[in-house]
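In what follows, a single structure is set out as structure tokens and then discussed.
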Amino acid sequence: MKRYLKLMSIVCILMLFTLNGFVSAESSPDSISSRSIKEERALELNEVIQAQIQSNSDLEKAYAGVYIDDNGVLNVNFVEGSLEVNKFSKSSNEVKYNEVANSFEELRETKDLLTGTMDELEIRALGLNEKKNKVVVYFQDKLNEESIQKINSMIDPETVEYDVDKTQIMTTANIINGTQSVIGSEGLTVGFAAVNSSGTKGFVTAGHLSAGVGSTAKINGNTVGTLRNKTFGGGVDAAWVEATGSYVPTKTFSNGDTYSSAATDTSNTNLVQGKTVYAYGSVSGKQTGQILEAYYTVTYNGATMVDTVKASYKAIHGDSGAAVCYYRYVGSASSVYSVMGIQSASALVNDAWVSGTSYTIFTRTDKIFTTLNLSNP
């Protein structure tokens, strides 16, 4: 494994700590908690750190991932020998710098290589876990020793960790956003408003529904739209419904919360493991959780979903299509409430949600917009 022994410049990183304190640019749907303030400060700092890293090839090679810990503090990893961690850690209590074994580039290479072997090696899922500094290889029922031996011969064994996940991953299919819309014979949650390339208004929901393009969408028995596009696979689970009649998509959820826009450029400065997210399901209502793994590849419903996001908010049958929101750092020490993704599937136990064991999977909005050729209204 490569090791990058060049010491980084302390001066450029110390610029981080001259930033102004964080302020919110719009009213939030929740009372601002100490945790949320810390998270937004973490994203503010992360944007500056990532800019410094991307402008220096040595820093890019040494970079090993980022996450927000349980205390809301930003943690930035660099490979061993590349950073005088103690000097940095004394500079501010807002950022922790950790020395770890594997660079982010090495972890990404391992995950990408194993993605093409998932069926052959009976791998259930692959998670790039920046907190563990490992690619976590998940098997369904028990550790597959034969597969583990093959994997270890293919990649650097130090970059992986093995685990068992016995839950069942199930798509959760069951119009102000967060309400239920029936398309064909299935009920899904209305996610968020979007327009197509012609500027026609509509809304986004999950794409794993069986109804064909041209099917009508109904809310409370009233026809509100027509299914015009859908996709499921390759990391995107989304459908777009064209609004018809007097129905006008809004940026308001059923509980009264509002969002500013859906993110079209979800980047590693905002997509951070440990970040708090909020889901608006038509069955479960508003739910709060954290990002467990920002780059999660898993196979379900016959499709391999590459680089979805694994999270801990609750979602059950009927919540598919729910908007997943977050406080998005937008620069100048400010944040807006935005949509990051669409609920796709949940890992359940005996068809039920079990706290601490179950988890959710969502598709990022930037991927949805690119794949379906949509944009914000």
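So is A315 part of a strand (DSSP E or B), buried (at least 24 other Cβ atoms within 10 Å of the Cβ) and either more than 15 Å from the chain's Cα centre (by Cα) or in the same structural domain as T269 (by TED's automatic domain parsing) (or both) or not? Judged against the criteria, A315 is not a match.
One line per residue, one yes/no per condition, for (1) surrounded by fewer than 23 Cβ atoms within 10 Å (Cβ to Cβ); (2) in contact with a helix residue (DSSP H, G or I) (Cβ under 6 Å, 6 or more places away or on another chain); (3) assigned to a strand (DSSP E or B):
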| position | (1), (2), (3) |
| --- | --- |
| G199 | yes, no, no |
| G207 | no, no, no |
| G212 | yes, no, no |
| T223 | yes, no, yes |
| N229 | yes, yes, yes |
| F232 | yes, no, yes |
| A238 | no, yes, yes |
| T250 | yes, no, no |
| N255 | yes, no, no |
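If I filter segment 115-161 down to residues being under 20 Å from the mean Cα position of the chain (by Cα) and of a type in the set (A, V, I, L, M), which single residue comes out as nearest to L271 (Cα to Cα)? Checked segment 115-161; the qualifying residue nearest to L271 (Cα to Cα) is L128. Contact map, segment 99-125: residues that are at positive phi paired with residues that are among the hydroxyl-bearing types (S, T, Y), Cβ distance under 7 Å, separation 6+ or inter-chain. Pairs shown: E122/S147. Name the one entry in E130, E158 that is closer than 28 Å to V272 by Cα, at pLDDT 95 or above, charged (D, E, K, R) and buried (at least 18 other Cβ atoms within 10 Å of the Cβ). One residue alone meets the criteria, E130. Any residue at all in segment 319-330 that's under 12 Å from the mean Cα position of the chain (by Cα), over 13 Å from S344 (Cα atoms) and not in a loop (DSSP other than H, G, I, E, B)? Within segment 319-330 (the criterion being under 12 Å from the mean Cα position of the chain (by Cα), over 13 Å from S344 (Cα atoms) and not in a loop (DSSP other than H, G, I, E, B)), the answer is yes, since at least one residue qualifies.
Taking the stated definitions as given, is S335 outside the structural domain of L114 (by TED's automatic domain parsing), assigned to a loop (DSSP other than H, G, I, E, B), modelled with pLDDT under 90 and within 29 Å of V48 (Cβ to Cβ)? No; evaluated as a whole, the condition is false for this residue.
Of the residues making up segment 40-70, those that are in a helix (DSSP H, G or I), farther than 22 Å from T159 by Cα and among the acidic types (D, E) number 3. Consider Y313 carefully, then state whether it is of a type in the set (F, W, Y) and more than 30 Å from G199 (Cβ to Cβ). When the stated conditions are applied, Y313 passes them.
Out of everything in segment 348-362 that is modelled with pLDDT under 95 and not in a loop (DSSP other than H, G, I, E, B), what residue ends up being surrounded by the fewest Cβ atoms within 10 Å (Cβ to Cβ)? Taking the candidates together, the pick is A352.
Taken together, I32, I37 contain a single residue that is in a loop (DSSP other than H, G, I, E, B), under 22 Å from Q290 (Cβ atoms) and either among the acidic types (D, E) or modelled with pLDDT under 85 (or both), which is I32.
The values are calculated or read from the model by the stated rules, or taken from the named source; none is laboratory data. Because the structure is a prediction, the values reported are computed rather than measured. When we count neighbours, we look across all protein chains shown, and the Cβ atoms used for this are built from the backbone with ideal geometry, even at glycine.
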